[in-house]
Amino acid sequence: MRMHHLRRTQVVARPIEDVFAFFADAANLEHITPPELRFRILTPTPINVQQGTLIDYRLSLFGVPFGWKTRISTWQPPFMFVDEQLRGPYREWIHTHTFETVPEGTRLSDHVQFRLPLHPLSWPVLPLVRRQVEHIFDYRTRIIAEVFR
């Protein structure tokens, strides 16, 4: 089964501590996710995010509602954290968030690794899924630029 990758990088003119704090607050996920996904956190907030934290969500993808459960598998404030899907639409989803101080402020980098379920039957839908994941991260990039203006 092939692992698929999405990488995004963005620089915002804010200190790394401020940027990491924004991402460490799980409630901000709703704000940076496209509204058509109807993304909602089910885990009671506030969530004390740290290594091992489990977070449950509800969202809709291509009009189909489903649950999503992630675990924070790596937590290294203010430089990096990793969330991994335990239950959801992908066979595997690993999202690495990294933060680096640069002269302009903070560089945020996302690396998503994912595998589709039902391989090889899922190959025909890969272009659609890839476009949807790219759309989610395009939206996220726009909202983050607004938040950290």
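Tell me, what ³J(HN,Hα) does each residue in region 69-82 have, in order and in whole Hz, if you take phi through Karplus 6.51 cos²θ - 1.76 cosθ + 1.60 with θ = phi - 60° and put x for Gly and Pro?
Values per residue, Gly and Pro as x: 10, 10, 10, 7, 8, 9, 9, 10, x, x, 9, 6, 8, 10 Hz.
Rounded to the nearest 500, what is the 222 nm mean residue ellipticity of the chain from helices alone, with -39500 (n - 2.57) per DSSP H run of 4+ residues and division by all residues?
That calculation yields -7000 deg cm²/dmol at 222 nm.
Loop-only check: which GluC sites (Glu not before Pro) in region 1-109 are DSSP coil with at most 11 other Cβ within 10 angstrom?
Qualifying residues, ordered by number: Glu104.
So how many Å³ per residue does the convex hull of the Cα atoms of region 18-66 work out to?
Enclosed volume per residue, from the Cα hull, is 83 Å³.
For region 4-118, what relative contact order do you get, as a whole percent, if you take Cα pairs closer than 8 Å and at least 6 residues apart?
That works out to 29 percent.
If you look at just the Cα atoms of the chain, how large are its Rg and its Dmax in Å?
When restricted to the Cα atoms of the chain, Rg and Dmax are 15.2, 46 Å.
Largest first, please: the extent of the C-alpha atoms of region 34-118 along each principal axis, to the nearest Å.
Dimensions of region 34-118 along the principal axes of its Cα atoms: 43, 27, 25 Å.
Scan around Arg14 for amide H atoms under 5 Å from its own, H built in the peptide plane at 1.01 Å from N, and keep only partners 5 or more places away or cross-chain.
Long-range HN contacts for Arg14: Thr106.
Read-outs: derived from the displayed coordinates by stated rules, not from any lab. Everything numeric in this text was worked out from a predicted model, so none of it was measured. Note that each Cβ is placed from the backbone with ideal geometry, even for glycine, and that neighbours are counted across all protein chains shown.
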